[in-house]
Amino acid sequence: MTQVPILTYHANNINGMAYQNNDHVALQEDLQLIHDLGFRIISLDELMQWKAGNMSDSEFEKTVVLTCDDGTWFDYHDVDHPTYGKQISFFNILKNHQQQTHTPVHMSNFVIVSPAARVILDEKCLVGRGWWTDDWWLAAQKSGLMAIENHSWDHNHGVLDNKNADDDSFKAIDNQADCDRQLKQSQEFLSRFFAGQHPVKYFAYPYGNFSDFLRYEYLPTQGTQLGLVAAFTTEPKHVTSKSHLWAMPRYVCNNDWNNTEQLKNLLLA
Ligand SMILES: [Zn+2]
């Protein structure tokens, strides 16, 4: 049976300069492994074409999808980390890899949409230097290397003044008003931001989890009307033709695998 893994990285994961504590180091090594194993990187659009039955299974043997979450400067700009020095952005790692291998390279970036929330997150979770802006979204999208997708309005993040805040959960987003706030508001913002040039179709659940209302009621009806076609969890499984559109699985770097040997086993599973 054809099955495709989606790999997820976090550019904010910088706690050293080793694979196990820095997703930039991990991504660089993983791209080399993916190339050496003869896997082809495909976009979420291509994955969904296959899942819809529009492409033959044989074309999707040995393919992999790359995604990343949260959308800070570490995704796009090279940044001097106050403790660990210069970090090559995910975008530049992808670009360098493409220039070296002449193979298709693509990553879908699930960004936190609210500008006001990003200002506070930048102060409280990064170092308050304005590294959580959206100045790079258009350039990333236009490059064809990195697509911008939806990771909710404000992540229901605990450092924000959020009545629903729960340490690691999006499950509290379980009613019409909260779903509108997190999804409708963000889809409308992104639609204006890209002025119709890039319809945002994919949503990644913050913390990888969801309420039944969001998953079974809101997304299949109102989510569809907002232009969404699939939502992604962090359930560590491959995507198959049977995966549910509103609960597509993803593996997370330095959680579901911690070195290239483990990734190799995962890819060849
Ligand atoms: Zn996130």
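The values are calculated or read from the model by the stated rules, or taken from the named source; none is laboratory data. Because the structure is a prediction, the values reported are computed rather than measured. Here the Cβ is made from the backbone with ideal geometry for all residues, glycine too, and neighbour counts use every protein chain on show.
Points to keep in mind about this one:
- Exactly one residue among Leu214, Leu228 is at pLDDT 95 or above and within 18 Å of the chain's Cα centre (by Cα), and that residue is Leu228.
- In the range 1-50, the residue that is nearest to Met248 (Cα to Cα) out of those that are of a type in the set (Gly, Ala, Ser) and not in a helix (DSSP H, G or I) is Ser43.
- Extreme residue, nearest to the ligand (Cβ to nearest atom), among residues of the range 25-41 that are among the aliphatic types (A, V, I, L, M) and surrounded by fewer than 21 Cβ atoms within 10 Å (Cβ to Cβ): Val25
- Test: residue in the range 230-244 that is in contact (Cβ under 8 Å) with a residue 60 or more places away in the chain and aliphatic (A, V, I, L, M): yes
- All helices (runs of 4 or more DSSP H) inside the range 62-166 with 2 or more residues being basic (Lys, Arg): 115-125
- Qualifying residue in the range 183-191 (condition: of a type in the set (D, E, K, R), surrounded by fewer than 17 Cβ atoms within 10 Å (Cβ to Cβ) and more than 25 Å from Ala11 (Cα to Cα)): yes
- The listed residues are Ala195, Ala177, and the only one of them that is small (Gly, Ala, Ser) and in a helix (DSSP H, G or I) turns out to be Ala177.
- Residue check, His198 touching a strand residue (DSSP E or B) at 6+ places or on another chain (Cβ under 8 Å), touching a residue at least 12 places away in the same chain (Cβ under 8 Å) and at positive phi: no
- You will find that of Asn22, Asn96, the residue that is polar (S, T, N, Q) and either without any contact (Cβ under 8 Å) to a residue 60 or more places away in the chain or buried (at least 21 other Cβ atoms within 10 Å of the Cβ) (or both) is Asn96 and no other.
- Pairs with Cβ under 7 Å, 6+ apart, first in the range 56-72 and within 11 Å of the ligand (Cβ to nearest atom), second at pLDDT below 95: Thr72/Leu126
- Subset of the range 44-55 that is touching a residue at least 24 places away in the same chain (Cβ under 8 Å) and buried (at least 17 other Cβ atoms within 10 Å of the Cβ) - its residue that is nearest to Pro199 (Cα to Cα): Leu44
- Search result, residues across the range 48-75 that are over 19 Å from the mean Cα position of the chain (by Cα) and either of a type in the set (A, V, I, L, M) or under 17 Å from Ala11 (Cβ atoms) (or both): Ala52, Met55
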